[in-house]
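**Q** Sharing a structure with you now.
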Amino acid sequence: DYLTATFQGIQPLFTGGKLLAAKNYAKAEKEATEIELTKIENEAVTETVTNYLRSVLLKEVVKVRKDVLAGILEHKKRAQKLYNEGVIANYHVLRANVALSEAENKLTEDESNYRLSLLALKNSIGTDTDIEPADSIKFAPVTATLEESLEMAVKNQPILRLLDKKKIGAEQNYNLSISTFLPTVAAFGKFELYPEYLSSLEPRWAVGIQMNLSVFNGFKDHLKVQEAKHLENEVSLLQSDTRKKIELWVNKAYSEIAKNKVKYDKLNSTIELAEENVRQNEKRFETGMGISLEVIDAHLMLEKARLESYLSLFDYYRSAADLMLAVGDPQSILKIWNN
């Protein structure tokens, strides 16, 4: 039996760019992961904003339903009074009762939807505490132009930034595949702990430089270079295609904002007309010149106009939130909302 033990150290001097490429690739992957986190955070913010907007909308819807219910209830009382006085037929009272029941059913349904929206909002926030939105939904203008939005999207959109890092990773992968055609040079040193067992030709210690170069391995390295080059081209084409889709996304969201703003503006005059229609029909009914159905229809028309107005505002802000997500700054919707 004999003992043998050796300390050996190797220090690479030249690796054909392998170490630098690996370092740059790892750095790009780390930054890409951080950008992916930002993307997920942005989506979480947008989801929370959307759920909050839905809760505010349904809160306003419930309020409208209650106002309509109160109006129809008051109409029913007047109809019952006029019927008792022999001014109108029982049909008008019955029609008022039917309208009252329908209004109560709609109110109950929307109150249930409102409670569900609050649960969704609590889930987005990540809390078990009971919450209720204090805001009311009102119009505030989006001041950013389309050109500014497109410029911000190119600069801040996490998807584009993520692809930039993926392109760097593909470039470093190509550099790594090229390095296999270059020699590797390293300094080495060793020291034997049990020299008494060495032969006369074996030194106790040695230092030197070694070089390794692969001459032929069946074109495997060449195929890896081609694969890396194609991957680099693929990422470049994906960047171009994604940028066009982001621009389309921004244009679509901006167009939706403008469309819903126009719709909201036009509904304001519709609401004024519907309110006047309710007032006139109630007066006509009280004087015996109108019928119950006309009063109820007037209340329902006012309800529809008010609900459509709130819905257009909801769509307006939801499109604004979508635009902010597209440009990579979803929290800026708060600046618009707070104005």
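The values are calculated or read from the model by the stated rules, or taken from the named source; none is laboratory data. Computed from a predicted model, the values in this text were never measured in an experiment. Quick reminder, even Gly has a Cβ in these numbers, built from the backbone with ideal geometry, and neighbours come from all protein chains shown. Quick note on the areas: whole protein, heavy atoms, side chains included, nothing else; ligands and nucleic acids left out. Shrake-Rupley method; radii C 1.70, N 1.55, O 1.52, S 1.80 Å.
**Q** I'd like the residue in segment 124-156 that is without any contact (Cβ under 8 Å) to a residue 12 or more places away in the chain and part of a helix (DSSP H, G or I) and, out of all such residues, is farthest from residue 42 (Cα to Cα).
**A** For segment 124-156, the residue satisfying everything is 147.
**Q** Condition check: without any contact (Cβ under 8 Å) to a residue 60 or more places away in the chain and either under 27 Å from the mean Cα position of the chain (by Cα) or open to solvent by less than 30 Å² (accessible area, probe 1.4 Å) (or both). Does residue 34 satisfy that? Before you say what the answer is, go through the steps one by one.
**A** Values: without any contact (Cβ under 8 Å) to a residue 60 or more places away in the chain: yes; either under 27 Å from the mean Cα position of the chain (by Cα) or open to solvent by less than 30 Å² (accessible area, probe 1.4 Å) (or both): yes.
It is true that residue 34 is without any contact (Cβ under 8 Å) to a residue 60 or more places away in the chain and either under 27 Å from the mean Cα position of the chain (by Cα) or open to solvent by less than 30 Å² (accessible area, probe 1.4 Å) (or both).
**Q** Quick one: what pairs do we get from segment 157-172, first residue assigned to a helix (DSSP H, G or I), second basic (Lys, Arg), C-beta under 6 Å, 6+ apart or different chains?
**A** From residues that are assigned to a helix (DSSP H, G or I), the pairs are 158/39.
**Q** Shifting gears a bit: Inside segment 189-216, can you point out the residues that are within 60 Å of the chain's Cα centre (by Cα) and open to solvent by less than 60 Å² (accessible area, probe 1.4 Å)?
**A** Across segment 189-216, the qualifying residues are 189, 208.
**Q** Let me ask you something else. Quick one: which of 72, 131 is more than 30 Å from residue 296 (Cα to Cα), β-branched (Val, Ile, Thr) and either at pLDDT below 95 or open to solvent by 70 Å² or more (accessible area, probe 1.4 Å) (or both)? Spell out how you get there, then give the answer.
**A** On the way: 72 fails: more than 30 Å from residue 296 (Cα to Cα).
Of the residues listed, the single one that is more than 30 Å from residue 296 (Cα to Cα), β-branched (Val, Ile, Thr) and either at pLDDT below 95 or open to solvent by 70 Å² or more (accessible area, probe 1.4 Å) (or both) is 131.
**Q** If a residue has to be part of a helix (DSSP H, G or I) and surrounded by 14 or more Cβ atoms within 10 Å (Cβ to Cβ) to count, how many in segment 82-93 make the cut?
**A** As a first pass, look at segment 82-93 and keep what is part of a helix (DSSP H, G or I): 82-84, 90-93.
If we keep only those that are surrounded by 14 or more Cβ atoms within 10 Å (Cβ to Cβ) too, we end up with 82-83, 92-93.
Residues that pass the stated criteria total 4.
**Q** Inside segment 1-23, can you point out the residues that are open to solvent by less than 90 Å² (accessible area, probe 1.4 Å) and at negative phi? Walk me through how you get there before you give the answer.
**A** So in segment 1-23, the residues open to solvent by less than 90 Å² (accessible area, probe 1.4 Å) come out as 5-6, 9, 12, 15-18, 21-22.
Scanning segment 1-23 gives 5, 6, 9, 12, 15, 18, 21, 22.
**Q** Can you name every residue in segment 197-221 that is modelled with pLDDT under 85 and not polar (S, T, N, Q)?
**A** 197, 198, 215, 216, 218, 219, 220, 221
**Q** Test residue 112 against the criterion of being at pLDDT below 95, within 30 Å of residue 293 (Cα to Cα) and part of a helix (DSSP H, G or I), and give yes or no.
**A** Numbers: at pLDDT below 95: no; within 30 Å of residue 293 (Cα to Cα): yes; part of a helix (DSSP H, G or I): yes.
Answer is no for this residue.
**Q** Right, here's the next one. If you check 26, 79, which single one turns out to be open to solvent by less than 30 Å² (accessible area, probe 1.4 Å) and of a type in the set (Gly, Ala, Ser)? Working first, answer last.
**A** Working: 26 fails: open to solvent by less than 30 Å² (accessible area, probe 1.4 Å).
Only one candidate qualifies: 79.
**Q** Let me ask you something else. Identify all residues within segment 217-230 that are open to solvent by 70 Å² or more (accessible area, probe 1.4 Å) and either part of a helix (DSSP H, G or I) or in contact with a Gly (Cβ under 7 Å, 6 or more places away or on another chain) (or both); write none if there are none. Before the answer, list the steps.
**A** Taking segment 217-230 and keeping what is open to solvent by 70 Å² or more (accessible area, probe 1.4 Å), we get 219-220, 222-224, 226-227, 229-230.
220, 222, 223, 224, 226, 227, 229, 230, listed by residue number.
**Q** Looking at this structure, is residue 45 open to solvent by 30 Å² or more (accessible area, probe 1.4 Å), in a loop (DSSP other than H, G, I, E, B), touching a helix residue (DSSP H, G or I) at 6+ places or on another chain (Cβ under 9 Å) and not basic (Lys, Arg)? Don't jump to the end; show me each part of the working.
**A** Numbers: open to solvent by 30 Å² or more (accessible area, probe 1.4 Å): yes; in a loop (DSSP other than H, G, I, E, B): no; touching a helix residue (DSSP H, G or I) at 6+ places or on another chain (Cβ under 9 Å): yes; not basic (Lys, Arg): yes.
In short, no.
**Q** Same structure, new question: Those residues that are in a helix (DSSP H, G or I), open to solvent by less than 70 Å² (accessible area, probe 1.4 Å), over 30 Å from residue 144 (Cβ atoms) and in contact (Cβ under 8 Å) with a residue 24 or more places away in the chain, I need them from segment 258-301; list them, please.
**A** Within segment 258-301, 274, 277, 278, 282, 285, 292, 293, 295, 296, 298, 299, 300 qualify.
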